[in-house]
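The values are calculated or read from the model by the stated rules, or taken from the named source; none is laboratory data. Just so we're clear, the structure is a prediction, and the values are computed from it rather than from any experiment. Reconstructed Cβ throughout: ideal geometry from the backbone, glycine too, with neighbour counts over all protein chains shown. Note: accessible area is taken over every heavy atom of the protein model, side chains too, but ligands, DNA and RNA are not part of it. Shrake-Rupley method; radii C 1.70, N 1.55, O 1.52, S 1.80 Å.
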Amino acid sequence: MTQSQASVAVETTNIEEVQVSSGGDSEAVAEEPQTNESAETPSPTPSTACTGDSNLKKRKRTSEIWLNFKNNDRGKVYCVHCQKHYKAVKAGTTTHLWRHLESCVHYKRHQGKTAGLIPISETQLGVVDEGDRVWVNGKWDPVKDREMLANVIVGHELPFMFSEYSLFRKYMLYNNPLWQKVSRTTITRECMKVVESERDKLKKIFKDVDKVSLTSDCWTSNRTVGFMCITAHYIDSGWNLQKRIITFKDLSPPHSGEVISDAILEAIRKWGIEDKIGTITLDNASNNDKAAGLLRLSFEARDKLHFLGYFFHIRCCAHILNLVVQDGLGKIDKGLNKIREGVKYLKKSQARLVKFGEIATQLGICTNRSLCIDVKTRWNSTYHMLDVAIHYKLAFEGYAQRDSNFEWLPRRDQWEKAEKVRNLLTVFNETTKVFSGSSYPTSNLFLVEIFNVKKAICDAYVSNDEFTREMSLAMYEKFEKYWGEVNVLMAVASILDPRLKMVSVKFVYGVLYFRNEVESRIDVVMQKLRALYDLYAKEFMSSSEAAASTAAREAAGPSSSAQPYSGGTNNFWRYLESTWGEEPPVADLDSYLKEPVFQHRSSSPFDVLQWWKTNAVRYPILSKLAKDVLCIPITTVSSESAFSAGGRILDDYRSSLKENVVENLVCGGDWIRANTRAEMQTIEHAAKAEEDLIVKIPIGQLSIN
């Protein structure tokens, strides 16, 4: 070999060594993006510097960062993992790119690294509430993935087969190529594990709750299987009203009072809350009355009847209003038949609806309201039917002139009667909306709202119109039958609303009762309120003495209990303990009643629970009473709403699900949705579409929704 050939061989060997020490192969070097001609040249490695070769010093090192970044045609660089773009720095520095890799979730998943907990922003999830945050690990975890999928299926009431849907699998593989298919059997087990986990969490919450109020109702599925739902209502440590479905079980026939009471006792014992039940709200069926009586005896036998037994059985106020209205509508049902049949006639044909919509538009009537067909067992649907029909009154008359087959045009006097019924039912409709709330206390609102109902009935009763007087007579009799059974609780709850206090009781009682009865009835309410307050004051003092005694022993030390009182430092606590009970506790009930009512002038709704949370220090005893009373629901709507979920779960395609699986899905879905404040739009829309009562009015050739 000649000297020149040996020199070339040495240079070739040195170049290969430099490439290996740079950590890249020949292809990586060839694809290196050149951001600028004056790019920064890193210092040579020590081994290269020792050679003294000037040609090797001029060669650029290839940074490993360019394995994760590329140039685009707009003079920018972007991350190949998350596609985030950065400006190309003229100096050629890559510090900002390395900094990006340190926080790039997609890069870390690609590398299979665990990078702590990274928050997903609420805007990505469409979540508005600050309390909703989702945390994911930097590394994809198949176990966590199955758990999240189980939450989706249970929370959104999806079938177990959802995990095997081909389009769902394609979507998941597109987002994560590492995703593994989950079978129906596996996700079923995972769903049950999620429900059990939520059940354990709820049991721990119940341990810290003082009082729990129950609502219960029964329902028959499409398989004619009877189910009973029990919902627990309580106020948590943050003074927020909470509700949880604790039982949704099949109920063996016959649904007698004994069967219902036994099922309720079994459920509360299973949850460990049998000593915390304050009230139970049921509808007005005779078997429920018997069940409430049996439950009361059971609680009395164990000396666990709270509120001195005043409020143990609460009758569903929404059901009472329904009975009142149904008695009134039964007297005038024939007068509404023409409107009902006219709406049915229009619904049967799309062409008729199109013509009706065109006539309404020509008459200048807004067509954004939909015709409603009523259901005789739901009086509020009758109200909506009349309200919309009166809105399209002129359109009905115009359509009757163009369609000779339309035989159901009401006369003028029938329209007048319909308007009178609508006006009376408006009051009931607004009151039912208030009573049906489950996210805010309702017991404190009853007194004012029921006054509006009684006033509307009395105004109709004393009117000169025979039609409305006949309707109101039946309503008045039913109202008087049930009013006396709920007035004391609602009066006490109204007094515990700082905006109302005694003002509401004096005003409403002055209207509802004869003048010579008002004072005596108010005295009955105050006697029961003071009896409840004294009970809570006694419990408060007992708990305070126990806590102070414990604190004194801890402060005095273990040997102080054997020393007689001699004025020493440790014995001071014993002397202080001996003075307890000499002075009666300050009655914060009296100071609360003496203060003027709270003036709420804000446009935002008044939160009575947050007011008591803020003033709990001023009224330590009364605030505990308010906390227990204000969580009492006055309707069974929260339990009835569970039947909509049960109907969606037990549809025609899943009617063979076992009863325990149905209970887990209904209860678990309720618990998951309660923990996730984001609104479940899918479930809400499904509930609204449960019955085909609404008929859109098309204009021109628009299709019917």
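Checking each residue in the stretch 431-457 for being assigned to a helix (DSSP H, G or I), hydroxyl-bearing (Ser, Thr, Tyr) and over 25 Å from Val388 (Cα atoms) picks out only Ser443.
Taking the conditions exactly as written (open to solvent by less than 20 Å² (accessible area, probe 1.4 Å), among the small types (Gly, Ala, Ser) and modelled with pLDDT under 90), does Gly328 satisfy them or not? If you could, list the steps in order and put the result at the bottom.
Numbers: open to solvent by less than 20 Å² (accessible area, probe 1.4 Å): yes; among the small types (Gly, Ala, Ser): yes; modelled with pLDDT under 90: yes.
Criteria met by Gly328.
Against the test of being without any contact (Cβ under 8 Å) to a residue 60 or more places away in the chain and part of a helix (DSSP H, G or I), the options Ala460, Ala418 yield a single qualifying residue, Ala460. Could you tell me which residue of the stretch 422-449 is nearest to Leu609 (Cα to Cα), considering only residues that are open to solvent by less than 30 Å² (accessible area, probe 1.4 Å) and small (Gly, Ala, Ser)? Within the stretch 422-449, the match that is nearest to Leu609 (Cα to Cα) is Ser443.
The set of residues from the stretch 648-685 being in a helix (DSSP H, G or I), open to solvent by 30 Å² or more (accessible area, probe 1.4 Å) and modelled with pLDDT under 70 comprises Gln681, Thr682, Glu684, His685.
Which residues, counting only those in the stretch 308-328, are over 28 Å from the mean Cα position of the chain (by Cα) and farther than 24 Å from Leu473 by Cα?
We begin by selecting, within the stretch 308-328, every residue over 28 Å from the mean Cα position of the chain (by Cα); these are 308-310, 323-328.
Within the stretch 308-328, Leu308, Gly309, Tyr310 meet the criteria.
Selection of first residues in the stretch 153-179 that are closer than 28 Å to Gly647 by Cβ and of second residues that are of a type in the set (D, E, K, R) and exposed (fewer than 15 other Cβ atoms within 10 Å of the Cβ), restricted to Cβ pairs under 7 Å at least 6 apart or on distinct chains, gives the following pairs, ordered by first then second residue: Phe160/Arg184; Met161/Arg184; Ser163/Arg184; Glu164/Arg184. Can Asp413 be described as acidic (Asp, Glu) and either at positive phi or touching a Ser or Thr at 6+ places or on another chain (Cβ under 7 Å) (or both)? Spelling it out, it is not the case that Asp413 is acidic (Asp, Glu) and either at positive phi or touching a Ser or Thr at 6+ places or on another chain (Cβ under 7 Å) (or both).
Scanning the stretch 585-598 for residues that are modelled with pLDDT under 90 and open to solvent by 100 Å² or more (accessible area, probe 1.4 Å) turns up just one, Val586.
Restricting the search to the stretch 331-341, which residues are under 12 Å from Ala389 (Cβ atoms) and surrounded by 14 or more Cβ atoms within 10 Å (Cβ to Cβ)? Talk me through it step by step, then tell me what you get.
Step one: filter the stretch 331-341 for residues under 12 Å from Ala389 (Cβ atoms), giving 336, 338-341.
Leu336, Lys338, Ile339, Arg340 - these are the residues of the stretch 331-341 that are under 12 Å from Ala389 (Cβ atoms) and surrounded by 14 or more Cβ atoms within 10 Å (Cβ to Cβ).
Scanning for something among the aromatic types (Phe, Trp, Tyr), closer than 22 Å to Val629 by Cβ, modelled with pLDDT of 90 or more and assigned to a loop (DSSP other than H, G, I, E, B), does the stretch 293-301 turn up at least one residue? No, there is no match, as no residue in the stretch 293-301 is among the aromatic types (Phe, Trp, Tyr), closer than 22 Å to Val629 by Cβ, modelled with pLDDT of 90 or more and assigned to a loop (DSSP other than H, G, I, E, B).
Taken over the stretch 505-516, the criterion of being more than 18 Å from Arg530 (Cβ to Cβ) and in a helix (DSSP H, G or I) is satisfied by Phe507, Val508, Gly510, Val511, Leu512, Arg515, Asn516. Residues of the stretch 436-479 that are under 37 Å from the mean Cα position of the chain (by Cα) and of a type in the set (A, V, I, L, M, F, W, C): Leu445, Phe446, Leu447, Val448, Ile450, Phe451, Val453, Ala456, Ile457, Met475, Phe479. Of all residues in the stretch 609-641, those satisfying the criterion of being farther than 17 Å from Thr279 by Cβ and open to solvent by less than 10 Å² (accessible area, probe 1.4 Å) are Leu609, Trp612, Tyr619, Ile621, Leu622, Ser623.
Is it true that Phe428 is among the aromatic types (Phe, Trp, Tyr), in a helix (DSSP H, G or I) and more than 20 Å from Glu416 (Cα to Cα)? When the stated conditions are applied, Phe428 does not pass them.
Before we move on, is Glu190 in a helix (DSSP H, G or I), under 20 Å from the mean Cα position of the chain (by Cα) and surrounded by 12 or more Cβ atoms within 10 Å (Cβ to Cβ)? Against the criterion (in a helix (DSSP H, G or I), under 20 Å from the mean Cα position of the chain (by Cα) and surrounded by 12 or more Cβ atoms within 10 Å (Cβ to Cβ)), Glu190 does not qualify.
I need the full set of residues from the stretch 220-242 which are open to solvent by 50 Å² or more (accessible area, probe 1.4 Å) and part of a strand (DSSP E or B), in order please. Let's see the steps before the verdict.
First pass over the stretch 220-242, keeping only residues open to solvent by 50 Å² or more (accessible area, probe 1.4 Å): 220, 222-224, 237, 240.
Residue satisfying the conditions is Thr220 alone.
The numbered conditions (1) within 26 Å of Asn423 (Cβ to Cβ); (2) open to solvent by 10 Å² or more (accessible area, probe 1.4 Å) are all true for Val503 except (1).
For residues that are closer than 26 Å to Gln111 by Cα and out of contact with any helix residue (DSSP H, G or I) (no Cβ under 9 Å at 6 or more places or on another chain), scanning just the stretch 158-171, find the one that is surrounded by the most Cβ atoms within 10 Å (Cβ to Cβ). For the stretch 158-171, the residue satisfying everything is Tyr171.
What about Thr361, is it open to solvent by 10 Å² or more (accessible area, probe 1.4 Å), outside any helix (DSSP H, G or I) and touching a residue at least 12 places away in the same chain (Cβ under 8 Å)?
Details: open to solvent by 10 Å² or more (accessible area, probe 1.4 Å): yes; outside any helix (DSSP H, G or I): no; touching a residue at least 12 places away in the same chain (Cβ under 8 Å): yes.
No; evaluated as a whole, the condition is false for this residue.
For the stretch 256-305, name all the residues that are open to solvent by 60 Å² or more (accessible area, probe 1.4 Å) and within 31 Å of the chain's Cα centre (by Cα). Quick ask: steps written out before the conclusion?
The initial filter retains those residues of the stretch 256-305 that are open to solvent by 60 Å² or more (accessible area, probe 1.4 Å), namely 258, 262, 266, 269-270, 275, 286, 290, 294, 296-297, 300-304.
Answer for the stretch 256-305, where residues must be open to solvent by 60 Å² or more (accessible area, probe 1.4 Å) and within 31 Å of the chain's Cα centre (by Cα): Asp262, Glu266, Arg269, Lys270, Asp275, Arg296, Lys304.
For first residues located in the stretch 278-297 and on the phi < 0 side of the Ramachandran plot, partners that are acidic (Asp, Glu) and in a helix (DSSP H, G or I) and lie 6+ apart or on another chain with Cβ distances below 7 Å form the pairs Gly278/Asp628; Leu294/Glu258. What is the number of the single condition among (1) open to solvent by 10 Å² or more (accessible area, probe 1.4 Å); (2) farther than 30 Å from Thr426 by Cβ; (3) without any contact (Cβ under 8 Å) to a residue 40 or more places away in the chain that Lys344 does not meet? Of (1) open to solvent by 10 Å² or more (accessible area, probe 1.4 Å); (2) farther than 30 Å from Thr426 by Cβ; (3) without any contact (Cβ under 8 Å) to a residue 40 or more places away in the chain, only one is false for Lys344: (2).
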